[in-house]
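Accompanying notes for the structure given below.
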Amino acid sequence: QVQLVESGGGLVQAGGSLRLSCAASGRTFSRDAMAWFRQTPGKEREFVAAISWSATTHYADSVKGRFTISRDNAKNTVYLQMNSLKPEDTAFYYCAARLLAFRIAVEGYDNWGQGTRVTVSS
């Protein structure tokens, strides 16, 4: 099992930026694929971005060109840099982990953080 703790959420105006962090502990981070998902009340959790153990990345179409996922294996941390934020980006953002290759389905992950809230005002 791996423990995940997200941070960096907050309130920002449309067009602004935030950087989310997810600190991992409990097993060898460098072998994990990491992903970010988001969820709003009444809706299903949706894929945002992922990065494999070898730093291959993948993004949802809705965030491509605005968000960047990266990892620092020395710090056991994955980041989500969010630029040009829109009100529709408002959600709880969750970090997830699995071994080696990433998946874009929620069911592909069995390790989750507790989430951090992002609110984008118009």
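Computed about the Cα centre, the dipole magnitude for the stretch 10-90 is approximately 180 debye when only Lys and Arg (+1) and Asp and Glu (-1) carry charge, each at its Cβ.
Globularity index of the stretch 79-122 is 1.36 (Cα radius of gyration / 2.2 N^0.38 Å, N = number of residues).
For the chain, the orientation-averaged shadow of the C-alpha convex hull comes to 6.6 nm² (one quarter of the hull surface). Placing Trp112, Trp36, Trp53 in order of accessible area, with the largest value first and a 1.4 Å probe, yields Trp53, Trp112, Trp36. Paramagnetic label reach from Val5 (point 7 Å along Cα→Cβ; backbone nitrogen cut-off under 15 Å): within the stretch 88-112, residues 95.
Ordered by solvent-accessible area of protein heavy atoms (1.4 Å probe), largest first, the residues Glu46, Glu6, Glu88, Glu107 come out as Glu107, Glu88, Glu46, Glu6.
Under a model in which nothing but the beta-carbon of Lys, Arg (+1) and Asp, Glu (-1) is charged, the stretch 64-112 shows a dipole of about 180 debye around its Cα centre. Among DSSP beta bridges whose residues both lie in the chain, state the antiparallel percentage, nearest 5. Approximately 90 percent, going by the DSSP bridge assignments. Largest mean-square fluctuation among Ala96, Ala50, Ala14, in a Gaussian network model of the chain whose springs join Cα atoms under 10 Å apart, belongs to Ala14.
The values are calculated or read from the model by the stated rules, or taken from the named source; none is laboratory data. It should be emphasised that the depicted structure is a prediction, and the values quoted were computed from it without experimental measurement. Virtual Cβ from ideal backbone geometry, glycine too; neighbours counted across all protein chains shown. Protein only, heavy atoms only, side chains kept; ligands, DNA and RNA dropped before computing areas. Shrake-Rupley method; radii C 1.70, N 1.55, O 1.52, S 1.80 Å.
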